[in-house]
Amino acid sequence: MFRLEDYVFHRDLTKTYPIITHGKGVYLYEENGKRYLDGCSGAVAANLGHGDKRIAEAMALQAEKAAFVHTMRFETDVLHKLAEKIGKLAPKQLNKVYFTCGGSEANESAIKLSRQYFRDRGEPEKQIVIGRWQSYHGNTIGSLSAGGDIKRRQPYNGYLLPFQHVSAPHCLHCPFNREESDCESKRDWSCVRELERIILEIGPGQISAFIAEPITGSQAGAMPPPKSYFREVRALCDKYDLLLIIDEVMTGFGRTGTCFAIEHDDVMPDIITFGKGVSGGYSPLGGMIVHDKIIDGIRENSNGKFLHGYTYSGHPVTIAAGVAAMDIYEQENILDNVKKLEGHLSSGLYKLKHKYPIVYDIRGRGLFFGMELASNQDGKPFASDLRISERLNELAMELGAVFYPGSGTVDGYAGDHLIIAPPLIITQGEIDELISLLNHALQALMDSMKEGS
Ligand code: PMP
């Protein structure tokens, strides 16, 4: 049934969505008073929870002072403040911060910048980006071209850029049928070898960058990479002169227990892209943090100009939200809270895995976990038309909790998962409530499956 009774172009015109009137902490409230525990920070964005007056006031104050100045003519004090805060948090050689209004624009900018870097060096042919299957970098044409979400790409295939993709290091579903321990002990990764093979097939002289999420988010359900994967990738990027773009849109700013998730891998990216958590979701904000060598190239060879930019790049109100969010991350030791509660959340989730045979795997880091659902203990995926992860989330929402469901977990088509990523301000008691609600939702799902059989 299509809803014709309102003017909103809904994401799915066949659905109705609850109207949220306000939020407080980890909770969202519907107009009829129903409460939802936000178990996924919206889209892993509302890291600081809802209804924080400090961020709202900072935005209002900035809107009163100067709501819009164009960064081609003017700058603001908040712009410098936020860039400095982020630059200081980033790895040592990444010092310049470029702002956008979200993650897709951030990756779009990074893709263009990788081309400019090589054009500045007199190698304009280096312009292909290699991404990974089952990864997501955004929905604009460039970022969609870099991403490897088969279902999202498919309707726009004719529009997409001729970028290339390799297998992601999702060892649980290794397309090469290898064991993680085998690859690790032999220091011989089939997925890394595939990357090298593709680089050589295209020719390193045609490639500008390799882009990857440090922990695969929406496409694989918070799947961390095996231990030495990114070191091997970095070595290949160095060998063949490719920039390494690390997409921290979902994982940045403490989500995984370090400021950036790539810190777990001890690898230096050339560009980090960010979004979501940078403003705690209070305003549309994203950007990229850029290595000094790229900046030096622009200075020396392009008269300091990066021919790119958006009307709302560095928008003062959205930037003010970022500054206020950064202050809260720091003052409230959000990273400590993530580290303190990681074990509590994971042990709660493992208990559910032991209780319910349909929970096939739990993985993740910090307060960023994935629960993979399967029809048997060998991990056989459910038929996609059963919409298992969507159904589990619908049941959770009936009970008063919301999570981030996804599908295509195994190979881009089959498989189901739920991302569990509550606001980083969550308390131990609220995690207990989250686990209890998820427990009831899983029970309801099992019951509905029995009834259906
Ligand atoms: N990269 C990653 C890893 C993401 O998770 C997302 C959003 N889910 C994006 C990029 C795109 O960000 P946005 O929706 O803000 O454009």
Accessible surface, 1.4 Å probe, highest first, among residues TYR27, TYR413
TYR413, TYR27
Cα gyration tensor, the stretch 362-453 - rounded (a/c under 1.5), prolate or oblate
oblate
If you average over every viewing direction, what projected area does the convex hull of the Cα atoms of the chain give, in nm²?
22.5
Those lysines that a straight Cα-Cα span of less than 22 Å connects to LYS65, excepting residues fewer than 8 apart in one chain
LYS53, LYS81, LYS85
Among 423-433, 143-153, 376-386, 280-290, how do they line up from the highest to the lowest mean number of other beta-carbon atoms within 10 Å?
280-290, 143-153, 423-433, 376-386
Expressed in angstrom and rounded, the centroid-to-centroid distance over alpha carbons for the stretch 68-122 and the stretch 371-446 is 36
Among the lysines, select those whose C-alpha is under 16 Å from the C-alpha of LYS353, and discard any that sit fewer than 8 residues away in the same chain.
LYS380
Taking 0.36 nm per residue of sequence separation and subtracting the Cα-Cα distance, how much length would be gained by fully extending the chain between VAL69 and LEU160, in nm to one decimal?
29.4 nm
Just grab the label-to-label distance for PHE176 and LYS92, each label 7 Å out from Cα along the Cβ direction, in nm (one decimal).
3.2
Stretchable slack from ALA414 to MET449, in nm (0.36 nm times residue separation minus alpha-carbon distance):
10.7 nm
Under unit Cβ charges (Lys, Arg +1; Asp, Glu -1), what dipole magnitude, rounded to 20 debye, does the stretch 156-201 have relative to its Cα centre?
100
With the charge dipole of the stretch 297-431 built from beta-carbon charges (+1 for Lys and Arg, -1 for Asp and Glu) about the Cα centre, the Cα from ALA396, GLY366, VAL323 projecting farthest to the positive end belongs to GLY366
Efficiency of FRET between ASN303 and LEU61 - r from beta-carbon atoms, R0 22 angstrom, step 0.05
0.05
If you count only protein heavy atoms with a 1.4 Å probe, what accessible area per residue comes out for the stretch 1-52, rounded to a whole Å²?
64
Net +/- balance of residues flanking GLY412 in space, Cβ distance below 14 Å, scoring K and R +1, D and E -1
+1
Sorted by chain and then number, the residues having a modelled amide H within less than 5 Å of the amide H of LEU243, at least 5 places away or on another chain, are ALA209, PHE210
Just the number, please: carbon plus sulfur as a percent of the accessible area of the stretch 356-453, 1.4 Å probe, no ligands or DNA/RNA counted.
52
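Quick one: length gained pulling ASP432 to LYS339 fully straight, 0.36 nm per residue minus the C-alpha distance?
31.8 nm
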Give me the distance in nm between label points sitting 7 Å out from Cα along the Cα-to-Cβ direction at ASP378 and GLU125, one decimal.
4.9
What nm value, rounded to one decimal, do you get for the distance between THR16 and LYS112 when each label is placed 7 Å out toward the C-beta?
4.3
Around LYS380, under 12 Å between beta carbons, what's the net of Lys plus Arg minus Asp minus Glu among the other residues?
-3
What whole-number value in Å² describes the accessible area per residue of the stretch 109-198 for a 1.4 Å probe?
46
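For the stretch 55-331, give me the percentage of DSSP beta bridges that are antiparallel, rounded to the nearest 5 percent.
45
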For PHE260, the net charge from surrounding residues (Cβ-Cβ under 11 Å; K, R +1; D, E -1) works out to -3
Bins of 10 Å from zero: percent of alpha-carbon pairs in the stretch 123-166:
32, 55, 12, 1
Selection from ILE128, GLY343, LEU28, by position along the positive dipole direction of the chain (Cβ):
ILE128
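The values are calculated or read from the model by the stated rules, or taken from the named source; none is laboratory data. The structure presented is a predicted model; accordingly, all values stated were derived computationally and were not measured. In this analysis, Cβ positions are derived from the backbone assuming ideal geometry, glycine residues included, and neighbour counts consider all displayed protein chains. Just the protein is used for accessible areas: all its heavy atoms, side chains included, with ligands, DNA and RNA removed. Shrake-Rupley method; radii C 1.70, N 1.55, O 1.52, S 1.80 Å.
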